[in-house]
Amino acid sequence: MKKKFGFAVAVLMAIPGAGFAQDKAGAQAAPGNPITVSEKGLYSFVSGAVVGAAQKMPEENYSFKPTPDVRSFGQLVGHAADANYMFCSLASGEPNPTTGIEKSKTTKADLVAAVKDAVAYCNKVFDGMTDTKGSEMTKFRNFNMARLTILSLNSAHTDEHYGNMVTYLRLKGIVPPTSENQGPPRAQGTK
């Protein structure tokens, strides 16, 4: 348990712009909406990784499926875009502006544009969110959830599918965006 908590803290500390402002003395001060800003920081990291993966995969591999019973890489990108719109519109209380990307878009250009647009839409929702508004309850399936919890679910779902995308990229010999520039692996026991 301590190991998982330590990892989570390390990830959050490494996220650039995770939502803490510096005062003049250099000490960290919490922003006016620390939960919203923290959630947006995490979402920015995860969604940026998905966009980066979508951009890195060559067009000819967008139809790639490791096994016949799973989504193609392109379908993963479309699914991530669809889910972003669904979760973020639900969190905002607006009607979902776009559906069916996974089933209607097939080219790399269309899918990269769609996932970028979905991320931009979610960023707009985050920009209009506050901790107070985020604590308002809304329905998600049969559950009552806070709006910020819905946005947190979106980050988790996006991260889940980024993990799938990483596997697809690696199977094609492509280094995923979050593994770039990490240097050579170290031997066990060295610093």
When you go through (1) more than 19 Å from S155 (Cα to Cα); (2) modelled with pLDDT of 95 or more; (3) in contact with a helix residue (DSSP H, G or I) (Cβ under 8 Å, 6 or more places away or on another chain) one by one for L42, which number turns out not to apply? (1)
Single unsatisfied condition, M129 versus (1) farther than 20 Å from E160 by Cβ; (2) surrounded by fewer than 22 Cβ atoms within 10 Å (Cβ to Cβ); (3) in contact with a Leu (Cβ under 9 Å, 6 or more places away or on another chain): (2)
Please find, among L151, L76, the residue that is in contact with a Cys (Cβ under 8 Å, 6 or more places away or on another chain) and part of a helix (DSSP H, G or I). L151
Could you tell me which numbered condition G32 fails, if it satisfies all but one of (1) at pLDDT below 95; (2) assigned to a helix (DSSP H, G or I)? (2)
In segment 79-94, what residues are in contact with a Ser or Thr (Cβ under 9 Å, 6 or more places away or on another chain), assigned to a loop (DSSP other than H, G, I, E, B) and among the charged types (D, E, K, R)? none
Would you please name the residue that is nearest to L90 (Cα to Cα), looking only at residues in segment 119-151 that are aromatic (F, W, Y) and touching a residue at least 12 places away in the same chain (Cβ under 8 Å)? F140
Here the residues within segment 127-148 that are assigned to a helix (DSSP H, G or I) and within 10 Å of N33 (Cβ to Cβ) are D131, T132, K133, G134, L148
Looking at this structure, is L111 in contact with a His (Cβ under 6 Å, 6 or more places away or on another chain), surrounded by 22 or more Cβ atoms within 10 Å (Cβ to Cβ) and either within 15 Å of N164 (Cβ to Cβ) or at pLDDT 95 or above (or both)? no
Looking at segment 42-54, is at least one residue part of a helix (DSSP H, G or I), touching a Gly at 6+ places or on another chain (Cβ under 7 Å) and not aromatic (F, W, Y)? yes
When segment 116-137 is examined, which residues are found to be acidic (D, E) and out of contact with any strand residue (DSSP E or B) (no Cβ under 9 Å at 6 or more places or on another chain)? D117, D127, D131
The correct count of residues that are more than 12 Å from Y62 (Cα to Cα), in contact (Cβ under 8 Å) with a residue 24 or more places away in the chain and outside any helix (DSSP H, G or I) in segment 95-118 is 1
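The values are calculated or read from the model by the stated rules, or taken from the named source; none is laboratory data. Predicted model, so just to flag it, every value in this text is computed and none were measured. Cβ sites come from the backbone with ideal geometry, for glycine too, and all protein chains shown count toward neighbours.
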